[in-house]
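Beneath this line is the structure, given in structure tokens, with notes to follow.
The values are calculated or read from the model by the stated rules, or taken from the named source; none is laboratory data. This one's a predicted model, so the numbers in the text were calculated from it and none came from an experiment. Please note: Cβ atoms are built from the backbone with ideal geometry, for glycine as well, and neighbour counts cover all protein chains shown.
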Amino acid sequence: MIVNKNKEIFKAIHRSQHCQRNWDLSKKIPQADLDLIIEAATQCPSKQNIAYYKAHFITRRDIIENIHRKTQGFYLNNADPQKNNALTNPQVLANLLVVFESYHDDTNAHRNAENFSQAHGTDLAYSANDLVKRDQHMAVGIAAGYVNVVSSMLGYGTGCCACFEPEPIKKLLNIKGDVMLLMGVGFPQKGINRRAHHKNGVMFPTFRKQNIETVIWS
């Protein structure tokens, strides 16, 4: 029983490593699954449980399509950046788009960072603001990881996107914080290679996972 469970988790981890580029938009994510994904994004660890981000969960196609238009930035090997012929990032066209917006409680976040900075004085290479940004990016990374693995365990494809025009998206969503990360979650198209662009079928390249050295202390 435990062995089977471990195998399923192992498979989910490896599935979640791959970016899904096309989607079956005829389907809708059930509310129970959406609630669990939201739980993963909001109840994962952050430094001293401070809220370092807001998470927007978008299923409205008009908003998703408009955001997608602002993700042009993937260049194939033969593309010329001077001609502005980059591909858009279609992972954001998923059934669900999660947008992570920067946010933090000024009082708690800055107090913690300032206390730490003052305690270490000149030995610390970071300012209080640097520390807040560090913790903020760490929190969003953990949240995205939770959403990624949980969504994979539920059977969905996922894809993160950090290649976008932040200001137009910020204006579109009418938000105050910075757009930190876009993440698509949804139903992969059956029979279609996950790397095929949702709109035009152009095939994205794939990259072998680089070896991450592990050191076991026991």
Subject >> Candidate set: segment 124-165, residues that are of a type in the set (F, W, Y) and in contact (Cβ under 8 Å) with a residue 60 or more places away in the chain; chosen: the one surrounded by the fewest Cβ atoms within 10 Å (Cβ to Cβ) >> reply: Y146
Subject >> Selection count where residues are in a helix (DSSP H, G or I) and touching a strand residue (DSSP E or B) at 6+ places or on another chain (Cβ under 9 Å), scope segment 1-32 >> reply: 1
Subject >> Residue list for segment 3-35, filter: surrounded by fewer than 15 Cβ atoms within 10 Å (Cβ to Cβ) and among the aliphatic types (A, V, I, L, M) >> reply: V3, I9, I13, A32
**OP:** Output the number of residues of segment 189-218 satisfying the condition of being under 18 Å from T88 (Cα atoms), modelled with pLDDT of 95 or more and either within 18 Å of the chain's Cα centre (by Cα) or aromatic (F, W, Y) (or both).
**Re:** 2
Original post:
Could we say that M203 is surrounded by 14 or more Cβ atoms within 10 Å (Cβ to Cβ) and on the phi < 0 side of the Ramachandran plot here?
Top reply: no
**OP:** From (1) out of contact with any helix residue (DSSP H, G or I) (no Cβ under 9 Å at 6 or more places or on another chain); (2) of a type outside the set (K, R); (3) within 12 Å of Q20 (Cα to Cα), pick out the condition that doesn't hold for E167.
**Re:** (3)
